[in-house]
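Take a look at the structure below.
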Amino acid sequence: MTVNQIVSYEKEKAQCNKRKRAKYDEVYENGETKLAVMERALDIQANLSSEFPSMIKYMLPSHVTGGFWLGLPKHFCLNHLPKEDRMMVLEDEEGKEFQVKYLVEKIGLSGGWRAFSIAHKLLEGDVCVFHLVRPSKFKVYIVRKKCSEEVDVALGLLKLESSTQLVDNGKELKICEISVGKTEDRNDPILYSSNLEPTVDQSKNNRVDLGSEVSDGIRLSESIVDFREVKSFEDFNILVNGLVIDFEFSKYLQMKYYELCCNQNSFLHENLLEGLNCKLVAGVIAETINIADAIRAAKLTTPHDSFLTWDKTLRSFEGLGMKVGFLRARLDKLMNLLTKSRRYKEAKLEQANSNEEKLKLEAKLAEVTHTLTKLDREIRLFKQENADDLEALFREVANGPW
C-alpha cells in the first residue's frame, strides 16, 4: 500500500468508528444514562470468572428489531469461538437455554437470536454481557437501559449463583460474600457476588459456620403456612414459591433464621418478589443471618465501612421485599453510637493537644513577663541617671578638647 492509501484507509477507519460511536450515543437520552448502564455491565463482567472469556454488546435497533442480526467483536471470535459455522447455546440468568447459529464468515449470531431477543424483551440501549463458559455456550447477563429497583437488584442477585456452592450428603454449604455496586440512579445499591475474602471482623467473629448437617431435598408445601401457626422449631419450614427449601440450609442456619423470624413474629422473606430463584433466596437469607450475627459481634473498634456495607446490603434486600428494617434500625443506632464514641475520642485528643498548647503558651507568657520586668528595671535606672540628657552629654563629650 502506498502512503496515500494508508492515510485514506486510516481516515475511513476513524470515520467508521466515529459513526459507530454516534450510533451508540443516539440510543441513550443522556450521558449519565449511558454511563450508568456501562458501569453496571462492567461490574457484572468484572465479577465473572476470569477462567472463561467474556464480552459486552450494546443493543442497537438492528439487534432487537427487523433482521435481528447480532454482530460480534472480530478479535473475540478469532481468539475464542469455533472456526466453522456451528449451533451455539445461549443460557439466560434463569438457566433457560436457546439455540443460535454462529456464522464464522459473517462474524455474528443469526438463526435463534431473534427468539432469544424477543423472549427477553430486549430493547435498544440494553446491554448483554456474554460469558463463554464452554466452547459453544454463552451465559448471558442482561442489563436494562430502564429498569425498576427490584429488577436491578434481582439482576445483581443472579450473580450469587456463580458463587454459591451446595454440596449434598453432609458437605459444607458455602455462601460467598456479597459486594455492593450502584444502580442507575446512583443511590440504591445493586448486589453482585464476588469471591472476596471476608473482613477481619467477620472472619474472626461474624461469619456463620454453616455446619455439616443439611436436610434432604426440595419438596412441595402442602399449604401456605402463617407464621402465627408456627409453635416451635419443629413446625418451622422455609417456603419459597410454594416449595420447602430447608435443604438449602444446615440445621444451625435454620435455627438462627427461626430465631430472627420469632423476634419479628413473621417470616422475614414472605414479601420477597415472586419468581426469584430458590438458591438466590437462600443466599439472601444466609447473608441476612451473617449480617445479624456480625451486628451482634460488633464492637466500637469495628470499622465504620463494615457498618456501611452491611446497611447497603440490607437496603438492597429490603428493595426485594425482605423484612430487614429492624436490622437496619439497629445498625443506625450502632452507627450513631459509633459516631459519638469517635467524636468523644477526638474531643479527648483535642483537649489533650489544647492543654499541651496551653502549657506552652503559659511558659511563653512567663518568659515574656520576665523580659518585661527586666526591661522595666533597666528603664528606671536610666531615668535615675537623667537618661533624657544623654544626647546633650554625648555632644559635650564629642566636642570636648583633646
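Tabulated data for the structure shown
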quantity	calculated
Members of segment 367-381 that are open to solvent by 100 Å² or more (accessible area, probe 1.4 Å) and under 60 Å from the mean Cα position of the chain (by Cα)	E367
Scan of segment 34-64 for residues that are in contact (Cβ under 8 Å) with a residue 24 or more places away in the chain and outside any helix (DSSP H, G or I), ordered by number	N47, L48, S49, F52, P53, S54, M55, I56, K57, Y58, M59, L60
Count - residues of segment 285-309 that are without any contact (Cβ under 8 Å) to a residue 12 or more places away in the chain and either surrounded by 23 or more Cβ atoms within 10 Å (Cβ to Cβ) or among the acidic types (D, E) (or both)	1
Segment 66-80 - residue that is in contact (Cβ under 8 Å) with a residue 12 or more places away in the chain and within 17 Å of F116 (Cβ to Cβ) and, of those, least open to solvent (accessible area, probe 1.4 Å)	L70
Selection count, segment 331-389, where residues are over 30 Å from R296 (Cα atoms) and in a helix (DSSP H, G or I)	38
Residue match in segment 261-268 (condition: at negative phi, at pLDDT below 85 and surrounded by fewer than 16 Cβ atoms within 10 Å (Cβ to Cβ))	no
Criterion: modelled with pLDDT under 85, surrounded by 10 or more Cβ atoms within 10 Å (Cβ to Cβ) and in the same structural domain as T302 (by the TED database) - qualifying residue of A347, A387, A352	A387
Residue pairs meeting the criteria (Cβ under 8 Å; at least 6 apart or on separate chains; first open to solvent by 30 Å² or more (accessible area, probe 1.4 Å), in segment 310-335; second part of a helix (DSSP H, G or I) and of a type in the set (G, A, S))	E318/G325
Positions within segment 390-402 being in a loop (DSSP other than H, G, I, E, B) and open to solvent by 100 Å² or more (accessible area, probe 1.4 Å), in sequence order	P401, W402
Segment 93-102 - residue that is at pLDDT 90 or above and surrounded by 16 or more Cβ atoms within 10 Å (Cβ to Cβ) and, of those, nearest to Y141 (Cα to Cα)	F98
Condition met for L90 (modelled with pLDDT of 85 or more and open to solvent by less than 20 Å² (accessible area, probe 1.4 Å))	yes
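The values are calculated or read from the model by the stated rules, or taken from the named source; none is laboratory data. A quick note: this is a predicted structure, and the numbers were derived from the prediction, not measured. Don't worry about glycine lacking a Cβ; one is built from the backbone with ideal geometry, like all the others, and counts go over all protein chains shown. Surface areas here come from the heavy atoms of the whole protein model, side chains and all, with no ligands, DNA or RNA. Shrake-Rupley method; radii C 1.70, N 1.55, O 1.52, S 1.80 Å.
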